[in-house]
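Undergrad: Below is one structure. I have some questions about it.
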Ligand code: OAD
């Protein structure tokens with residue numbers, strides 16, 4: 001398969017994932033079938049304005065998502081992505097991050113791997129991926145609107161309305177529409193995309209920035225871009241290869 005050969009012979013690989021990669025784990029996507037919660041679009045709820053207007057409603061939505069994520073386990077797509085990292089780093093996924101174990105494991109020198117995910121569910125880490133840029137944050141972290149402190153909170157269900165020890169209201173520590181992405185994370189994501197020679201875009205509708213721009217940047221700088229999706233997206237036209245189908249079925253076949 002052309003994509004498989006490309007992947008295995010590439011040196012700087014970036015995988016960009018979206019909600020479709022977790023769909024087979026039972027985590028609802030944001031758009032398309034099963035994506036709507038009580039008829040709200042994500043753009044109606046995932047905003048600072050929506051939270052200001054009705055924080056309980058927004059928390060109810062996140063509570064619903066957190067409940068699903070809590071019982072979800074990684075699927076073959078997550079494991080295949082972790083395995084790609086492991087192979088490129090010569091033995092352990094952690095070596096991709098540190099670079100130090102290449103010699104010891106006899107892995108390929110000079111190869112790099114970066115996973116950029118829009119997913120906030122943490123399933124990539126559970127599957128063993130290490131060098132991950134979670135550009136939209138984590139569903140298990142909360143931030144106080146009063147003191148600004150960010151902490152881990154795994155309560156399911158979460159107490160409505162959750163409050164910080166300082167008395168301030170807690171919000172999910174995820175990036176909402178209209179908010180800036182963490183500077184260091186987004187710089188790293190554009191850096192990796194600019195230097196990639198292979199980018200795999202999996203399970204994202206490609207309609208939310210910067211995901212689309214990351215893929216375009218990689219393409220502009222000469223990367224081979226492959227897309228895996230059950231449907232067509234605005235990125236399909238520019239991709240060098242589009243593999244139609246479920247990520248959990250296609251990704252393991254690339255190894
Ligand atoms: P979306 O829900 O917008 O898109 C999911 C994509 O995955 C669609 O293109 C589907 O066709 C595809 N898909 C579904 N099941 C699949 C499967 N089994 N295998 C492969 N593809 C599949 O999710 P994202 O693109 O991640 O942000 O959405 C981007 C952002 O919009 C999210 O991070 C979230 C949302 O609002 C915020 O909350 C800020």
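Undergrad: Could you work out how far apart the two model spin labels at residue 40 and residue 155 are, taking each label as a point 7 Å from the Cα in the direction of the beta carbon, and quote it in nm?
TA: Using points 7 Å along Cα→Cβ, the separation is 1.9 nm.
Undergrad: Extending each Cα 7 Å along its Cβ direction at residue 67 and residue 33, get the distance between those two points in nm, one decimal.
TA: Roughly 2.3 nm, to one decimal.
Undergrad: Relative to the first principal axis of the alpha-carbon coordinates of the chain, what is the inclination of helix 55-70, with its axis defined by its Cα atoms, in degrees from 0 to 90 and to the nearest 10?
TA: The angle comes out near 40 degrees.
Undergrad: Can I ask one more? Between 204, 117, 151, where does the largest GNM mean-square fluctuation fall for the chain, given springs only between Cα atoms within less than 10 Å?
TA: Residue with maximal mean-square fluctuation among 204, 117, 151: 151.
Undergrad: Moving on. What angle, in degrees between 0 and 90 and rounded to the nearest 10, separates the Cα long axis of helix 211-220 from the longest principal axis of the Cα atoms of the chain?
TA: With rounding to tens, the tilt is 20 degrees.
Undergrad: Also, quick follow-up: Using 0.36 nm per residue of separation minus the Cα-Cα distance, give me the extension gain between residue 207 and residue 232 in nm, one decimal.
TA: Here the segment from residue 207 to residue 232 would lengthen by 7.8 nm.
Undergrad: Further question on the same structure: For the residues 207, 185, 27, 13, what sequence is obtained by ranking on other C-beta atoms within 10 Å, fewest first?
TA: Ascending Cβ contact count within 10 Å gives the list 207, 185, 27, 13.
Undergrad: On to the next question. If contacts are Cα pairs under 8 angstrom and at least 6 residues apart, what is the relative contact order of the chain in percent?
TA: This gives 24 percent for the chain.
Undergrad: In whole Å and largest first, what semi-axes does the C-alpha gyration tensor of the range 1-44 yield when each eigenvalue is scaled by 5 and square-rooted?
TA: 33, 11, 8
Undergrad: How big is the C-alpha Rg of the chain next to the rule-of-thumb value 2.2 N^0.38 Å, as a ratio?
TA: Cα Rg divided by the expected 2.2 N^0.38 Å: 1.02.
Undergrad: What full-extension length gain, to one decimal in nm, is calculated for residue 9 and residue 163 as 0.36 nm per residue of separation minus the Cα-Cα distance?
TA: Taking residue 9 through residue 163 to full extension adds about 50.4 nm, to one decimal.
Undergrad: Pulled fully out, how much extra length does the chain show between residue 185 and residue 47, if you take 0.36 nm times their separation in residues and subtract their Cα-Cα distance?
TA: 47.7 nm
Undergrad: Can you tell me what share of the DSSP beta bridges in the chain is antiparallel? A percent to the nearest 5 is fine.
TA: 30
Undergrad: Here is a further query. Under a crude label model (7 Å from the Cα following the beta-carbon direction), how far is residue 126 from residue 241 in nanometres?
TA: Between residue 126 and residue 241, the simple spin-label model gives 3.0 nm.
Undergrad: Let a ≥ b ≥ c be the square roots of the eigenvalues of the Cα gyration tensor of the range 196-255; is it rounded (a/c under 1.5), or, if not, prolate (a/b larger than b/c) or oblate?
TA: Taking the square roots of the gyration eigenvalues as a ≥ b ≥ c, the range 196-255 is oblate.
Undergrad: Among 219, 159, 86, which one shows the highest mean-square fluctuation when the chain is modelled as a Gaussian network with alpha-carbon springs under 10 Å?
TA: Per the Cα network of the chain with a 10 Å cutoff, 159 tops the list.
Undergrad: Something else about it: Could you work out how far helix 76-89 tilts from the main Cα principal axis of the chain, as a 0 to 90 degree angle to the nearest 10?
TA: On a 0 to 90 degree scale, this one is about 50.
Undergrad: Would you calculate, for the chain, the mean residue ellipticity at 222 nm contributed by helices, counting each DSSP H stretch of 4 or more residues as -39,500 (n - 2.57) and dividing by all residues, to the nearest 500?
TA: After summing the helix terms and dividing by residue count, I get -10000 deg cm²/dmol.
Coordinate-derived values only; no laboratory data. Since the structure is predicted, the reported quantities are computational estimates derived from the model, not experimental observations. Heads up, the Cβs are rebuilt from the backbone with ideal geometry, glycines too, and the neighbour counts pull from every protein chain shown.
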